[in-house]
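Bear in mind these aren't lab numbers, they're just calculated from the coordinates by the rules spelled out. Quantities reported herein were computed from a predicted structural model and do not represent experimental measurements. For neighbour counting, all protein chains shown are included, and Cβ atoms are generated from backbone atoms with ideal geometry for every residue, glycine included.
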Amino acid sequence: MTRLFCQEHSDILRLDAQVLQSRPGAVRLSQHPFYPGGGGQLPDRGIVRWQGGDVPVTGFSEEGGLVWIQLADRIEITGDVQTEVDPVFRQRMRELHTDLHVLNALVFRDFDGALVTGVQMNDDGTARIDFDLPGADNDRLRALEPELNDVIAQDLAVETSYVSVTAAHGEQGLLRSRSVAPPPSAEGLVRIVEIAGLDRQACGGTHLASTGASRPVRILKIENKGRSNRRVRIGLQGL
């Protein structure tokens, strides 16, 4: 997997590009700002502008390690284009993903290194994260909401770096999922997202530059899923 432009520049939403390959309803570009989805984060929405007009982006597919952008119309685009991410949707995903990292950090700290078993972010400003927490007190989980919002309000910096696969597996707490891990880059490196003074873990999505750019959140519901899973649902306030 190659490094994505959006992983290093999640605040840049518009890029000029050249068409490398085209077929009816899909195009491969020299560069683009879109996040194609993964790790529980929805794929970006946006448009591609070309000499024939604008066409909405409907999704992404990977073939032989190359990302194809799926288009709303079965047209074949050629030449120079401009790509643009839907800013409202990207902001929502960045907020939810950053807030889930904060919640993950608090649960990992307070519940003996509990691992994540699933994540899903939604376009309505809600998200859920599942933890392997057999016998956990749901009221203790719900009581994390004030601290979660306090961390958001502290406006802690969020930065990224890369470590080798060996280092990622060797550092306790860097890989938080019970079943999956972010795929390494073509150079064999794992992307690390660090919230200053709070958390450090592997992740491939898009995040805020600091926690204070997120709206406050509410813990909406806590559900028991099977014998060991606890599902925590959160929502951005004001949506």
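Observations, loosely collected:
- Label point of ASP112 set 7 angstrom out along Cα-Cβ; within the range 157-197, amide nitrogens under 20 Å from it belong to 172-179.
- In the chain, the longest principal axis of the Cα atoms and the axis of helix 87-110 are about 30 degrees apart.
- Dipole axis of the chain (+1 Lys, Arg; -1 Asp, Glu on Cβ), positive-most option in ASN224, LEU96, VAL180: ASN224
- Nitroxide proxy distance, nm - points 7 Å out along Cα→Cβ at GLN154 and ARG227: 3.7
- Each peptide in 189-201, 153-165 was scored by the mean count of other Cβ atoms within 10 Å over its residues; highest first, the order is 189-201, 153-165.
- Estimated inter-spin distance, GLN237 and LEU189, nm [label 7 Å along Cα→Cβ]: 3.8
- Structural descriptor for the range 142-237: relative contact order 31 percent, calculated from alpha carbon pairs under 8 angstrom and at least 6 residues apart.
- Equivalent-ellipsoid semi-axes for the range 174-239 (Cα gyration tensor, √(5λ), whole Å, largest first): 25, 20, 10.
- Rounded FRET efficiency, nearest 0.05, which uses the C-beta distance separating ASN122 from ASP54 and R0 of 25 Å: 0.45
- The chain, helix-only ellipticity at 222 nm - DSSP H runs n ≥ 4, -39,500 (n - 2.57), divided by all residues, nearest 500: -6000 deg cm²/dmol
- For the chain, projected area of the alpha-carbon convex hull averaged over all directions, nm²: 13.3
- With Cα atoms as the point set, the range 7-132 shows a radius of gyration and Dmax of 17.1, 57 Å.
- Toward the positive end of the charge dipole of the chain, with +1 on the Cβ of Lys and Arg and -1 on the Cβ of Asp and Glu, the farthest Cα among GLY170, LEU144, GLY205 is that of LEU144.
- Using only side-chain charges placed at the Cβ, +1 for Lys and Arg and -1 for Asp and Glu, the dipole size of the chain relative to its Cα centre rounds to 580 debye.
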